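Take a look at the structure below.
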Amino acid sequence: MSRVLITGSTDGLGLMAAQLLTDQGHQVTLHARNEARAADARDALPAAEDVLIGDLSSIAGMHQVAAQANQHARFDGVIHNAGVGYREPRRIPTVDGLSHVFAINVLAPYLLTALIPRPDRLVYLSSGMHRGGDVDLEDLQWENRRWNGSQAYADSKLLDVVLAFAVARRWPDVRSNALEPGWVPTKMGGPGAPDDMSLAPVTQAWLAVSDDPAAQVSGGYFFHQRARATHPLASSAQVQADLLARCAEITGVQLPG
């Protein structure tokens, strides 16, 4: 049995992955952005061990979630599932003055990774759209560019892969991987999304707990449990180091090791 934390797991793919894992006999801790959503999560998955509460759009909320996580015994796996999509109509600044998309999709998984004791496995959700992403570390908050929601999302998903690979390089004792679940009809994907919803949560659960040798790797990128090519910049050691440095600068928290 493994103990797994899943962020953004009150509904959608996060909750589906949680259900898969509890059905397999694993202990799952969910995460919700507020008390009302936490109540929904408890109703949806009574077998969950706990529900952490905190709004990942703020640095304070990220710290809040990490503090609650650290009151538990060490997790064997953490799935960084929380995210916002590509339909954001404008640049929404957070309370910290950050881009909403960047804060939730990139900075939250960075800071939680840095603050929570190292699990055996880390799983970061990306998207096939990351291949159209751009690494613009000088304008992460879209202050100097005209806002483009699709591009901001693609950029954030590329940075999620960069983060997963950076952690794999920094922490060789941890299996750190990224994946794309496919374009599926979630709230984020929309009702017209063509991919198979039933397959979408399988890979994240598999990477978090499976004894399959194919899942016991690090620095990989997957789609439906198969390795898939990524944007070339994701594997750049310099880009990885630069992203970690920028996130540390924004948060004041260095990734250990």
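Any chance you could run the full-extension gain for D211 through A248? It's 0.36 nm times the residue separation minus the Cα-Cα distance, nm to one decimal.
Numbers: separation 37, 0.36 × 37 = 13.32 nm, distance 3.34 nm.
Additional length available on full extension: 10.0 nm.
Once every DSSP H run of n ≥ 4 in the chain is given -39500 (n - 2.57) and the sum is divided by its residues, what mean residue ellipticity at 222 nm do you get, rounded to the nearest 500 deg cm²/dmol?
-10500 deg cm²/dmol
Once you have all Cα-Cα distances for the chain, histogram them in 10 Å bins from zero and send the whole-percent values.
In whole percents, the pair-distance histogram is 8, 34, 41, 17, 1.
Obtain the nm distance between the two label points defined at D136 and D11 by a simple spin-label model: each point lies 7 Å from its Cα along the Cα-to-C-beta direction.
So the two model labels end up 3.2 nm from each other.
When the convex hull of the Cα atoms of the stretch 1-100 is projected onto a plane and the area is averaged over all directions, what value comes out in nm²?
Working: hull surface 26.0 nm².
Over all viewing directions, the stretch 1-100 projects a mean Cα-hull area of 6.5 nm².
Using a 10 Å cut-off around each Cβ, can you sort R87, R146, R118 from fewest to most neighbouring Cβ atoms? The partial results should precede the final answer.
Details: R87 12, R146 7, R118 17.
If I rank by nearby Cβ atoms, fewest first, I get R146, R87, R118.
Using 0.36 nm per residue of separation minus the Cα-Cα distance, give me the extension gain between A227 and R87 in nm, one decimal. Present the calculation step by step, with values, prior to reporting the outcome.
Working: separation 140, 0.36 × 140 = 50.40 nm, distance 2.78 nm.
Stretched fully, the A227-R87 segment lengthens by 47.6 nm.
Read the figures in this text as sums done on the coordinates, not as results from a lab. All figures in this text were calculated on a predicted structure; none of them were measured in a lab. Please note: Cβ atoms are built from the backbone with ideal geometry, for glycine as well, and neighbour counts cover all protein chains shown.
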